[in-house]
Structures are given as structure tokens and as C-alpha cells.
Amino acid sequence: MHSLSAKGVFLLDIEVELAWGIIDKQIDKETLKEASKKVRTHLDKILGILDDYRIPVTWGIVGHLLLDHCERTSGLPHPEMPRPT
């Protein structure tokens, strides 16, 4: 009989669109503000649980969608933005 030794793996993928999930709807600013607060409250709870159990997380944020324009200067888009070294 063979004995298998395996390490457990846990993957949690949460996609949070905030305003992007409802940008095409006619929603007043106050309703949007309240919805954003609720999302942040729930995210804080989830992060607290992950912290309690020492589960590491990695964030991927697509911020380019929020820019009002994109131009290439010197071959590099947005050269004024900080970049990792």
C-alpha cells in the first residue's frame, strides 16, 4: 500500500467591482456611497478572518480603468507613476 503525503491548498478568489459593477445603472450618488461602505465592511470582516487564521493573501488591482486618459511618453505609459524596482 502506498502512502501519499500532500499539503492542503486553499484558494479564495474575490472579485470586487464596486462602482464598475453598476456603472451602467442609473443610481444616485448616495446609494452608490452606501453600497461601497457595505462592500468595505464585508471586506474588512473577510480580511479579519484571514488574519486570524494567518492565511496569506495577494491583491491584484486594475487601476488603469480609473484613469481618464492614457498617453505614451518616451515609450512608457504614464512615466510619472511610481514603478517597482
Taking only pairs that are 8 or more places apart or on different chains, how many Lys pairs in the chain have Cα atoms under 30 angstrom apart?
10
Would you work out the charge dipole size for the chain about its Cα centre, treating the Cβ of every Lys and Arg as +1 and the Cβ of every Asp and Glu as -1, and quote it to the nearest 20 debye?
260 debye
Taking +1 at the Cβ of each Lys and Arg and -1 at the Cβ of each Asp and Glu, which of LEU66, PRO84, ILE27 sits farthest along the dipole of the chain towards its positive end, judged by Cα position relative to the Cα centre?
PRO84
Computed, not fitted: 222 nm per-residue ellipticity of the chain from DSSP H runs ≥ 4 (each -39500 (n - 2.57)), nearest 500, equal to -10000 deg cm²/dmol
Per residue of segment 25-41, in order, report the coupling 6.51 cos²θ - 1.76 cosθ + 1.60 (Karplus, θ = phi - 60°) as ³J(HN,Hα) in whole Hz, putting x for Gly and Pro.
9, 8, 10, 6, 4, 5, 5, 4, 4, 5, 5, 5, 4, 5, 4, 5, 4
Residue by residue, what Karplus-based ³J(HN,Hα) values in Hz, rounded to whole numbers, does segment 50-56 have, using 6.51, -1.76 and 1.60 with θ = phi - 60° and x for Gly and Pro?
4, 5, 4, 9, 6, 9, x
The chain shape via C-alpha gyration tensor axes, a/c threshold 1.5:
oblate
From the backbone phi of segment 62-79, what are the Karplus-calculated ³J(HN,Hα) couplings (6.51 cos²θ - 1.76 cosθ + 1.60, θ = phi - 60°) in whole Hz, Gly and Pro given as x?
9, x, 4, 4, 8, 6, 7, 7, 9, 10, 9, 10, 6, x, 10, x, 6, x
Sequence-distant residues sharing a close amide H with HIS78 (under 5 Å, placed H):
GLU71, THR73
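FYI, it's all coordinate maths here, none of it is from the lab. Keep in mind that what you see is a predicted model, and the values were worked out from it rather than measured. Note that we place each Cβ from the backbone using ideal geometry, even for glycine, and neighbour counts take in every protein chain shown.
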